[in-house]
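For reference, the structure discussed in these notes is given below.
What follows is calculated from the coordinates using simple rules that are stated; it is not laboratory data. The model shown is predicted, which means the values in this text are computed figures rather than measured ones. So basically every Cβ, Gly included, is an ideal-geometry build from the backbone, and we count neighbours across all protein chains shown.
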């Protein structure tokens, strides 16, 4: 990836910088606060599309130089312009940027050492073209003696890589440990799981047989006792019913004399009120005056007045009319108003007396029937409450005996089951333990120290070889990466290195990544942390790489007192001052 021109406008501390790059190395220097690191950030932002000093897109306005409204950063990649506008964040030409996972690491060398070991490992796999297909991983697992069926079971998971496979194996091992614990009621351990056996409890078969026999006998006695209680309860209910019925019959028969006396009184009242009603009807003239009898009476009276009859016939007519008037009143009578007023109450009293007499006759008939029933009814056989209570208590006692017998039988059966199942528990525990060990073996094989380490060893060799060559060329302590992805320089862990030692290691790592990835591009900022000898060494290394055609573009940035002379034809030197860049004068580096 060759960068042929850099253009930065109103970007943080840089007001304007136009930097053509006709050579492989852009040597950008200046004093503090001049904008050197800003140019490096601008290049990264144009190529990667992300800002470093703000996290949100709406904050991109803060990246624009103070006092300006618009800014931009543009890079020509192999002659194609790639730019980002500020504060909109709109990019253009990004398709010209190689889609390489190594790009962030060559633009910011310190990122590789800061990355997680798994991320470094994955990057090296990609850079070296090392691939581990599910078939290849399966083959290596089987070569290590891993369980064939379990390997086949998890093969689809291996498409997600070693980490996914190791996580799956770990989860399966955890589930198998849980199953082992469910069988043993203990926490799994590798040594414990290897030797664990279920304790075989003793049980009394003769005692179990005797307890079951006793339980059956109790249930037979319980059945008989339950029937006895049911019979007694039925007899008690029958006795109570007969007793209550007899009392009701006796009470009904005992009222016979009083009912007869009452009937006599009710009949007298009825006769009295019947006569009273007839009397009042006659006086009131309220007897029925419609119908055939009244029509005949009127015709007879009219005929008597209009015709002459024999004396004997006249007497007969008089007798009939007298009888009519006695019952209904005179034909032309208007009636007694007082009698008419008293008549409704008299009729009501007569009807009430009639109903009372009828009801009394009915009660007398029922009492007479009850008296006859008493003559033929036998006295019911008595059942004592104490007998029923005693039978119930006996049944309850048998139930308690049965509960105790059941408990004894259950305990003996549990002991027998535990004894019989102990061997099965031991077998189950052994199977789950074997499954745990099998999954653990697979998980270990898929861990970074296992198969990935084997594959990575091959992937690391060309990378470490590249680091050896560059370390020798620069005359710096040897930088290497081991199978755990630990970085060392001169045999010392990266975290123990000084600032300048870390810078040297980061620079070599970035240049090696740039070479293996094919990007052939890097940004090395803050080289001024090196002493004079170190600065000469990095200049010599870059010059050698450019001469051998191993790099397309490297931006080397740092603070100097004055613009340096170009160390060789491979360098284009720029001096940054007050946010502006221009061609440098040939001066000695401070």
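Hey, rough spin-label estimate for residue 256 and residue 59, points 7 angstrom out along Cα→Cβ, what's it come to in nanometres?
11.6 nm
Let's test this: bin the Cα-Cα distances of region 1-82 at 5 Å from zero up to the farthest pair and state each bin's percent.
All Cα pairs considered, the percentages come to 3, 15, 26, 26, 17, 9, 3, 0.
Mind sorting 571, 11 by how few other Cβ atoms lie within 10 Å of their own Cβ, fewest first?
Fewest-to-most ranking of 571, 11: 571, 11.
Cut-off is 10 Å between beta-carbons; in what order do 16, 307 appear when sorted fewest neighbours first?
Numbers: 16 14, 307 8.
Placing the least packed residue first, the sequence is 307, 16.
Using r as the Cβ-Cβ distance of residue 80 and residue 577, and R0 as 35 Å, what FRET efficiency do you calculate, to the nearest 0.05? Don't jump to the answer; show the numbers that get you there.
Values: r = 30 Å, r/R0 = 0.86.
After rounding to 0.05, the efficiency reads 0.70.
Taking 0.36 nm per residue of separation and subtracting the Cα-Cα distance, what length does fully extending residue 206 through residue 95 add? Present the calculation step by step, with values, prior to reporting the outcome.
Details: separation 111, 0.36 × 111 = 39.96 nm, distance 8.86 nm.
The span from residue 206 to residue 95 would gain 31.1 nm if fully extended.
What ranking do 467, 508 get, fewest neighbouring Cβ atoms within 10 angstrom at the top? Present the calculation step by step, with values, prior to reporting the outcome.
Details: 467 22, 508 26.
Fewest to most other Cβ atoms nearby, the residues stand as 467, 508.
Does region 475-590 classify as rounded, prolate or oblate by the C-alpha gyration tensor (a ≥ b ≥ c root eigenvalues; a/c under 1.5 gives rounded; else a/b over b/c gives prolate, otherwise oblate)? Walk me through the numbers on the way to the answer.
Values: a/c = 2.20, a/b = 1.59, b/c = 1.39.
Cα axes put region 475-590 in the prolate bin.
For the chain, calculate the relative contact order in percent as a whole number, restricting contacts to Cα pairs under 8 Å that are 6 or more residues apart.
Numbers: 836 pairs, mean separation 166.0, N = 590.
It comes to 28 percent, rounded to a whole number.
Fully extended, how many nm does the chain gain between residue 386 and residue 330 (0.36 nm per residue separation, minus their Cα-Cα distance)? Numbers along the way, then the final one.
Values: separation 56, 0.36 × 56 = 20.16 nm, distance 8.18 nm.
Value of the extension gain: 12.0 nm.
So, R0 is 22 Å and r is the distance between the beta-carbons of residue 275 and residue 351; what FRET efficiency does that work out to, to 0.05? Don't skip to the answer; put the middle values down first.
Numbers: r = 14 Å, r/R0 = 0.66.
Computed FRET efficiency for residue 275 and residue 351: 0.95.
Quick check: the distance between the Cα centres of region 489-538 and region 64-128, to the nearest angstrom?
Distance between centres, Cα-based: 19 Å.
Across 10 Å bins from 0, what is the distribution of all Cα-Cα pair distances for region 47-128, in whole percents?
All Cα pairs, binned at 10 Å, distribute as 16, 37, 33, 13, 2 percent.
If one computes the Cα centroid of region 427-469 and of region 145-199, what distance in Å separates the two points?
Going from one Cα centre to the other spans 16 Å.
Looking at region 100-250, I'd like the Rg to Rh ratio, where Rg is from alpha-carbon atoms and Rh is Kirkwood's inverse mean 1/r. Let's see the in-between values first.
Numbers: Rg = 38.1 Å, Rh = 24.3 Å.
Value, to two decimals: 1.57.
Can you give the FRET efficiency to the nearest 0.05 for residue 237 and residue 317, using r as the Cβ-Cβ distance and R₀ = 56 Å? Mind showing how you got there, number by number?
Details: r = 78 Å, r/R0 = 1.39.
Calculated value: 0.10.
Quick one: work out the % antiparallel among DSSP beta bridges in the chain, nearest 5.
Numbers: 31 of 48 bridges.
Given both bridge residues lie in the chain, the antiparallel proportion sits at roughly 65 percent.
What is the list of residues in region 466-481 whose amide nitrogen lies under 16 Å from a point 7 angstrom out from the Cα of residue 500, following Cα to Cβ?
474-478
Can you pull the one-decimal nm distance between simple spin-label points at residue 416 and residue 532, each 7 Å off the Cα toward Cβ?
Inter-label distance under the simple model: 10.0 nm.
What percent does the relative contact order of region 1-63 come to when contacts are Cα pairs within less than 8 Å and at least six residues apart? Could you put the intermediate results ahead of the total?
Details: 57 pairs, mean separation 16.5, N = 63.
Reported as a whole number, the value is 26 percent.
Can you give the calculated 222 nm mean residue ellipticity of the chain, where each DSSP H run of n ≥ 4 adds -39,500 (n - 2.57) and the sum is split over every residue, rounded to the nearest 500 deg cm²/dmol?
On the way: 17 runs with 353 residues, N = 590.
For the chain, the value works out to -20500 deg cm²/dmol.
Cα convex hull of the chain: mean projected area in nm², to one decimal?
Details: hull surface 297.9 nm².
Averaging across all directions leaves 74.5 nm² for the Cα convex hull.
Kirkwood hydrodynamic radius of region 407-550 from all distinct Cα pairs, in Å?
Working: mean 1/r = 0.0512 Å⁻¹.
For region 407-550, the Kirkwood estimate is 19.5 Å.
7 Å from Cα along Cα→Cβ at both residue 144 and residue 219: what's the point-to-point distance in nm?
For the pair residue 144/residue 219, the computed spacing is 5.9 nm.
Using alpha-carbon pairs under 8 Å, 6+ residues apart, how would you state the relative contact order of region 15-115 in percent? Walk me through the numbers on the way to the answer.
Working: 100 pairs, mean separation 19.3, N = 101.
RCO, region 15-115: 19 percent.
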